[in-house]
Amino acid sequence: MSNQTTGRFMPTGWDESVIEDIDGEGETKNGTYYPSRGVTTAKVIFDYTGDIAGTGVATYLFAYRDSKAGHADIIGYERFTGTIDGQEGSSVFRHTGSYADGAVSAHVEVLPGLGTDGLADLTGAADVSMAGAPPEGGYEFTLTRD
């Protein structure tokens, strides 16, 4: 495998629900309630294409500090199953990031010891961002291996 591999990803499923609503205030967008201050959980499904191809299933925690202003801290774990540079298997990614003004920025790290088959020894990280409508083919994901 080379040091960097690039693919594209697209969220294809999103199910978010409130764990804690601190003030009992918030707003509903597209049928989902977001507390002004509180904690939610979301299960998100990603489809990957390119030299990183497969499916990721992520579970996130969002800590909203002010949903009307659009600010949240994000942590989560994603199990990716598919191929990276032709190596087939699965691995787990840890996401840490933030949501601000309609855009998500996150650092994604491969967690050692949780990979299988051809991805058992995979290491590395990626920085991703999602803003606005998805571009043609999805958002870019470039994995840089250690």
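Given (1) hydrophobic (A, V, I, L, M, F, W, C); (2) at pLDDT below 95; (3) surrounded by fewer than 19 Cβ atoms within 10 Å (Cβ to Cβ), where does residue 72 come up short, assuming only one miss?
(3)
If you go through the stretch 92-106 one residue at a time, do you hit one that is farther than 19 Å from residue 10 by Cα and either small (Gly, Ala, Ser) or touching a residue at least 24 places away in the same chain (Cβ under 8 Å) (or both)?
Residues of the stretch 92-106 that are farther than 19 Å from residue 10 by Cα, as a first pass: 100-101.
Applying the additional criterion that residues be either small (Gly, Ala, Ser) or touching a residue at least 24 places away in the same chain (Cβ under 8 Å) (or both) yields 100-101.
Yes, the stretch 92-106 has at least one match.
Within the stretch 22-44, count every residue that is at pLDDT 95 or above and over 18 Å from residue 99 (Cα atoms).
Count: 1.
Out of all the residues in the stretch 81-109, which are over 12 Å from the mean Cα position of the chain (by Cα) and not charged (D, E, K, R)?
Filtering the stretch 81-109 down to residues over 12 Å from the mean Cα position of the chain (by Cα) leaves 81-91, 100-103.
Of everything in the stretch 81-109, those that are over 12 Å from the mean Cα position of the chain (by Cα) and not charged (D, E, K, R) turn out to be 81, 82, 83, 84, 86, 87, 89, 90, 91, 100, 102, 103.
Restricting the first residue to the stretch 127-146 and requiring it to be more than 16 Å from residue 99 (Cβ to Cβ) and touching a residue at least 12 places away in the same chain (Cβ under 8 Å), which pairs with a second residue that is of a type in the set (Lys, Arg) and in a strand (DSSP E or B) meet a Cβ separation below 7 Å and a spacing of at least six or different chains?
137/8; 138/8; 140/8; 141/8
Given the criterion of a type outside the set (A, V, I, L, M, F, W, C), surrounded by fewer than 16 Cβ atoms within 10 Å (Cβ to Cβ) and closer than 17 Å to residue 10 by Cα, identify the matching residue among 137, 86.
Details: 86 fails: closer than 17 Å to residue 10 by Cα.
On inspection, the qualifying residue turns out to be 137.
For the stretch 110-130, give me the residue count where each residue is among the hydrophobic types (A, V, I, L, M, F, W, C), in a strand (DSSP E or B) and surrounded by fewer than 15 Cβ atoms within 10 Å (Cβ to Cβ). Steps first, please.
Going through the stretch 110-130, the residues among the hydrophobic types (A, V, I, L, M, F, W, C) turn out to be 110-111, 114, 119-120, 122, 125-126, 128, 130.
The next check asks that each one be in a strand (DSSP E or B); those that pass are 110, 125-126, 128, 130.
When the remaining residues are screened for being surrounded by fewer than 15 Cβ atoms within 10 Å (Cβ to Cβ), the result is none.
So the answer is 0.
What residue, of 27, 16, is out of contact with any helix residue (DSSP H, G or I) (no Cβ under 8 Å at 6 or more places or on another chain), loosely packed, with under 14 Cβ neighbours inside 10 Å, in contact (Cβ under 8 Å) with a residue 24 or more places away in the chain and more than 16 Å from residue 124 (Cα to Cα)? Steps first, please.
Details: 16 fails: loosely packed, with under 14 Cβ neighbours inside 10 Å.
Matching residue, one of 27, 16: 27.
Being over 19 Å from residue 89 (Cβ atoms) and surrounded by fewer than 20 Cβ atoms within 10 Å (Cβ to Cβ) is the filter here, so list the residues in the stretch 41-66 that pass it.
To start, the set of residues in the stretch 41-66 that are over 19 Å from residue 89 (Cβ atoms) comprises 41-44, 59-66.
The answer is 41, 42, 43, 44, 59, 61, 63, 65, 66.
The values are calculated or read from the model by the stated rules, or taken from the named source; none is laboratory data. Since this is a predicted model, take the numbers as computed values, not measurements. Using ideal geometry, Cβ is built from the backbone for each residue, glycine included, and neighbour counts are taken over all protein chains shown.
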